[in-house]
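Enquirer: The structure that follows is given in the form of structure tokens.
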Amino acid sequence: MISNHSLTSSGCALRATAGLLLMAAWAAHAQVQEGGSLPSVTVQATRASADVPLRPTVQKERERLAQVPGGTNLAEPQKEARLATLRDALDYQPGIVLQDFFGGTDQPRLGIRGSGIQSNPVNRGVLLLQDGLPLNEADGSFIIGLIEPRNAALVSARRGANALTPGATTLGGEVDFVSLTGADERGRVRFETGSFGRQGLQGAVGGVGERFDGRVSVSSDRFDGYRHHSASQRDALQANVGFQGDGGFANRTYLTWTDLAFQIPTVVPKDRVTTNPRGVMGDGNTPQDRLLNVYQRDPRRAATQLRLANRSTWGNEALRQEVGVYWQDTDDLFNDSTTHTVTHSRTTGAQWQASGRPGGASGALGWRTALSWTHSAMERDLYANNPANGQRLQRFGAYDLDASNLQALAAADWRLAPGWTLLGSLQWSQLARDAASRSTAAQLDQQWSFATPKIGLNWAATPSTRLWANLSRSQEAPTFWEIVSATVAPNSPATASAELVRLKMQSATTLELGGQGRWGEGAQALHWTAAVYRSVLADELISTTDANGIRVGTYNYRGGTRHQGIEAGLSGSRRLGAGAVDFRAAWTFSDFRFRGGEYAGKQIAGVPRHLLSAEALYRVGAWRFGPNLRWMPVSTPTDHANTPGAEQEAYALLGLKLEWREGPWAVFLQADNVTDRRYASSYAVRNRTTAAQPGYLPGLGRSVTAGLTYQF
């Protein structure tokens, strides 16, 4: 549980630690400048940093993604001035929809092509990876707030059917967070502070030797919150050590520990987004406020995870193999105002991949095969919440949950002619989701076996332009968040009940066309990417909330649905006077609709129809400064019935950024929502709703963040 006192104490400790680290860094720097007597250090390069084991560089990853016949993203978080949240790392990326919940280290809504976007909080639809190995539990769920973006050297997203790992079969694809290693930096101290009590601190050290390299990072974040009852905090430790052996053998071990906690201010009626954006239910004296009083119910989430992973690779271009294993232990408390869901999960997984190209790089045929296995054992207990003080009442559900996945992949690419490559793959999966009550005889065992084929074509139309087409199949099983359903009336916790729900798999067939390329050469080149897709879905998993904005269940929509859209991005630089303008922009258009059934022709709630983000920074010397824009130009339905007057209203948020980088130092000042626009950043999804029902999350008001980084 988070309290204001604990956050205040943590904030003091954070500031003290920050001061000590910065003073030490400054003293070291000053001593060197003044010719002090620091011990001399001799650095001798024993091997190229590109040979550091299991360290994909940006260039290598760009070349790998160029072989994918579909939409991908490659983000470089370390180039961002501020790097406190997932939005900082993935903003300006076409096809990746991020909707803030509370603006801190909580649980933003991440969506790719609409898969799982209705779940509240979002916990399925995309396979998250850490260094190529899954972060999701075996049932497909994840806690997105556990991700620490400061430790990512790059983020590689393969949207939709363009996923590369054997465990990725969902419509949303996969997002891989690739860790910094000892070869990337010798050390770093980063400090950030800003409005609403935002504070962030990171310290990292690394090194590289003849055969070994290693890196350790410790970070801490605190956020008092813009809204009442919205404080958040996260502490994280991440370390990895790599070993380079003989004969192409390499090994890397990863250790991660994360402690996450945040308060949940919950949703409010639509009118309060503009009249009292910092408020919560309980600030007024209406029957709704008294029933859903946030201060008394104390909704919150607290999760701790320990993760250990290891990867090995060996061989050469003719035959290269890789084996990865991982284990993670997660404790999760989620109080959604009426229910305490307490989960302890232990997940184990293994993955093997082999690839080759007979005849070497010039060979016409390449192949790849892979196997993966994942297993999660969970104990989940459901308690009614005391509406007077937020404490646990009676336990009304106790379940043993067991999820396992066994998946195989076979893929090949054939260079048909100069510039033309045909690619195909076939994934086979066997999934199990078994649930048994520890307090009753209720039991539900479900198994699915299926194949997900893909075929694609790459055409290098010019040396700087690539076009593609692909046709694919995707399948997604429900998670235990959907299978175990709780019903608790806010005014009657004594009648709380739980049940196991049998659900079908969501399936889709997707056609995608697109391309990417470059206009011009050198620093003046203009880079572009665009993809258009259409997915026809059956049995889409639709999650909804009740009249109070509390999740109530998931069902398969029987009338069929359709997801289609456009994902486009543009970036480049243009000379202007004594400097240059660096710019980037992304547009994601999402047209998701019900094809038949009760809501035939209606827009599926949960995703903005248009979402645009753009930034233009004038660069001169060590300075960069300029505006940015996040724009949702049309309103978005918040319910599947598309009730008039209940939409999320359109908004445009203007920001300003100032950066200075010189040698090992970097400083930034960033202002967000400078016009103090009052808007809803997200909302609870329902089948039918009214504007008077609590369902909207007010977005952050005007804020300023400043930060300093010293790299050594």
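We did not get these values from a lab; they are worked out from the coordinates using the rules stated. Only a predicted model underlies this, so the values are computations on that prediction, with no experimental measurement involved. Every residue, glycine among them, receives a Cβ derived from its backbone with ideal geometry; neighbour counts consider all protein chains shown.
Enquirer: So how compact is the range 109-261: Cα radius of gyration and Dmax in angstrom?
Expert: Final numbers for Rg and Dmax: 17.4, 59 Å.
Enquirer: Counting other Cβ atoms within 10 Å, which trypsin sites (Lys or Arg not before Pro) in the range 496-572 have at most 14 and lie in a DSSP loop? Present the calculation step by step, with values, prior to reporting the outcome.
Expert: Details: sites: 502, 504, 518, 534, 551, 558, 562; in loops: 502, 504, 558.
Answer in residue order: 502, 558.
Enquirer: Using the Cα atoms of the range 352-454 to build a convex hull, what is its mean projected area in square nanometres? Mind showing how you got there, number by number?
Expert: On the way: hull surface 43.5 nm².
So the mean shadow area of the Cα hull is 10.9 nm².
Enquirer: Per-residue HN-Hα couplings for the range 408-415, Karplus 6.51 cos²θ - 1.76 cosθ + 1.60 at θ = phi - 60°, whole Hz, x for Gly and Pro?
Expert: Running phi through 6.51 cos²θ - 1.76 cosθ + 1.60 with θ = phi - 60° gives 10, 9, 10, 9, 8, 10, 10, 7 Hz.
Enquirer: Another question about this same structure. Can you put 117, 542 in order, fewest other beta carbons within 10 Å first? List each step's numbers first, then the result.
Expert: Working: 117 27, 542 23.
Ordered from fewest to most neighbouring Cβ atoms within 10 Å, 117, 542 come out as 542, 117.
Enquirer: Excluding residues fewer than 8 places away in the same chain, name every one of the lysines whose C-alpha is closer than 27 Å to that of residue 270.
Expert: 602
Enquirer: Continuing with the same structure: Considering every pair of different Cα atoms, what Kirkwood radius, in Å, is found for the range 108-187? Mind dumping the intermediate values first?
Expert: Numbers: mean 1/r = 0.0767 Å⁻¹.
One over the average 1/r among Cα pairs gives 13.0 Å for the range 108-187.
Enquirer: Further, regarding this structure: Starting from the exponent 0.38 and prefactor 2.2 Å, build the expected Rg for the range 399-548 from its residue count and divide its actual Cα Rg by it.
Expert: 1.55
Enquirer: Arrange the following residues from fewest to most other Cβ atoms within 10 Å of their Cβ: 378, 281.
Expert: Values: 378 23, 281 27.
If I rank by nearby Cβ atoms, fewest first, I get 378, 281.
Enquirer: Give me the Å³ per residue figure for the convex hull around the C-alpha atoms of the range 297-411.
Expert: Values: hull volume 12.9 nm³, N = 115.
Per residue, the Cα convex hull of the range 297-411 comes to 112 Å³.
Enquirer: Neighbouring Cβ atoms within 10 Å as the yardstick, rank 375, 340 fewest first. Intermediate results must be reported in sequence, preceding the final value.
Expert: On the way: 375 17, 340 22.
Ascending number of Cβ neighbours within 10 Å: 375, 340.
Enquirer: With runs of 4+ DSSP H residues as the only contributors, calculate the mean residue ellipticity of the chain at 222 nm using -39,500 (n - 2.57) per run, divided by the residue total and rounded to the nearest 500.
Expert: Helix contribution divided over all residues of the chain: -2500 deg cm²/dmol.
Enquirer: For the range 172-263, evaluate the Debye formula with one uniform point scatterer on each Cα (no solvent term) and list log10 I(q)/I(0) at q = 0.25 Å⁻¹, rounded to two decimals.
Expert: Cα-only, vacuum Debye calculation for the range 172-263: -1.18.
Enquirer: For the range 591-683, what does the relative contact order come out to in percent, with C-alpha contacts under 8 Å and a separation of six or more?
Expert: Working: 184 pairs, mean separation 21.2, N = 93.
This gives 23 percent for the range 591-683.
Enquirer: Which three extents, in angstrom, do the Cα atoms of the chain have along their principal axes, listed largest first?
Expert: 70, 61, 50
Enquirer: Is the shape of the range 519-565 rounded, prolate or oblate, going by the alpha carbon gyration tensor and its root eigenvalues a ≥ b ≥ c, with a/c under 1.5 for rounded and a/b larger than b/c for prolate?
Expert: Working: a/c = 6.82, a/b = 2.38, b/c = 2.87.
Judged from the Cα gyration tensor, the range 519-565 comes out oblate (a/c at least 1.5, b/c at or above a/b).
Enquirer: Run the Debye formula on the Cα coordinates of the range 559-681, all scatterers equal and no solvent, and tell me log10 I(q)/I(0) at q = 0.15, 0.21 1/Å.
Expert: -0.80, -1.16
Enquirer: Whole-Hz ³J(HN,Hα) for each residue in the range 464-480, computed from phi via Karplus 6.51 cos²θ - 1.76 cosθ + 1.60 with θ = phi - 60°, x for glycine and proline: what do you get?
Expert: With coefficients 6.51, -1.76 and 1.60, one gets 10, 9, 10, 10, 8, 8, 8, 10, 8, 10, 9, 9, 9, 8, x, 8, 5 Hz.
Enquirer: For residue 446, list long-range residues whose amide hydrogen, built 1.01 Å from N in the peptide plane, is under 5 Å from its own amide hydrogen.
Expert: Amide H neighbours of residue 446, under 5 Å, 5+ apart: 433, 434, 435.
Enquirer: Could I ask something else about it? What size of dipole, in debye to the nearest 20, comes out for the chain about its Cα centre when the only charges are +1 on Lys and Arg C-beta atoms and -1 on Asp and Glu C-beta atoms? Numbers along the way, then the final one.
Expert: Values: 71 positive and 63 negative charges, 235 e Å.
About 1120 debye.
Enquirer: Here is a further query. Below 8 Å, C-alpha to C-alpha, sequence gap of six or more: please give me the relative contact order for the chain in percent.
Expert: About 12 percent, as a whole number.
Enquirer: Then there is this: Positive end of the dipole of the chain, charges at C-beta (+1 Lys, Arg; -1 Asp, Glu), about the Cα centre: which of 664, 355, 461 has its Cα farthest in that direction?
Expert: 461
Enquirer: In 5 Å bins starting at zero, report the fraction of Cα pairs in the range 567-626 per bin as a rounded %.
Expert: The distribution over the range 567-626 is 4, 16, 17, 12, 11, 9, 8, 7, 6, 5, 3, 2, 0, given as percents.
Enquirer: Non-local amide H neighbours of residue 626 (under 5 Å, H modeled in plane, Pro and chain starts lacking H): which ones?
Expert: Amide H neighbours of residue 626: 618, 657.
Enquirer: Determine the dipole magnitude for the range 81-145: charges of +1 sit on the beta-carbon of Lys and Arg, -1 on that of Asp and Glu, nothing else is charged, the reference point is the Cα centre, and the result goes in debye to the nearest 20. The partial results should precede the final answer.
Expert: Working: 5 positive and 7 negative charges, 39 e Å.
Value, rounded to 20: 180 debye.
Enquirer: Another question about this same structure. Express the relative contact order of the range 401-479 as a whole percentage, based on alpha carbon pairs under 8 Å and six or more residues apart in sequence.
Expert: Working: 150 pairs, mean separation 20.6, N = 79.
Computed value for the range 401-479: 26 percent relative contact order.
Enquirer: Suppose every Lys and Arg Cβ carries +1 and every Asp and Glu Cβ carries -1, with no other charges. What dipole size does the range 607-704 come out with about its Cα centre, to the nearest 20 debye?
Expert: On the way: 11 positive and 8 negative charges, 10 e Å.
Computed charge dipole of the range 607-704: roughly 40 debye.
Enquirer: Also: Which one of 370, 471, 287 is farthest out on the positive end of the charge dipole of the chain, using unit charges on Cβ (Lys, Arg +1; Asp, Glu -1) and the Cα centre as origin?
Expert: Positive-most Cα among the choices belongs to 471.
Enquirer: In whole Å, what three semi-axes, largest first, describe the equivalent ellipsoid of the range 606-655 built from its Cα gyration tensor (square root of 5 times each eigenvalue)? Each step should come with its number before you reach the end.
Expert: Numbers: eigenvalues 236, 13, 6 Å².
Those come to 34, 8, 6 Å.
Enquirer: Whole angstrom only: what separates the Cα centroid of the range 429-446 from the Cα centroid of the range 529-573?
Expert: Answer, in whole Å: 28.
Enquirer: When we measure straight from the Cα of residue 79, which lysines land under 18 angstrom away, once same-chain ones fewer than 8 places off are left out?
Expert: Once the sequence-local lysines are set aside, what remains near residue 79 is 60, 657.
Enquirer: Would you work out the Kirkwood radius for the range 199-313? I mean one over the mean of 1/r across all pairs of different Cα atoms, in Å. Spell out each step's value before the answer.
Expert: On the way: mean 1/r = 0.0567 Å⁻¹.
Value: 17.6 Å, from the Cα pair sum.
Enquirer: Compute for the range 614-712: radius of gyration divided by Kirkwood radius, i.e. Rg/Rh, restricted to C-alpha atoms, rounded to two decimals. Mind showing how you got there, number by number?
Expert: Numbers: Rg = 18.6 Å, Rh = 15.9 Å.
Radius of gyration relative to Kirkwood radius: 1.17.
Enquirer: Bin width 10 Å, alpha-carbon pairs only: give the P(r) of the range 432-505 as whole percents, running from 0 to the bin holding the largest distance.
Expert: Distribution as computed: 14, 28, 20, 14, 13, 9, 3 percent.
Enquirer: Could you work out how far the C-alpha centroid of the range 601-662 sits from that of the range 174-209, in angstrom?
Expert: 27 Å
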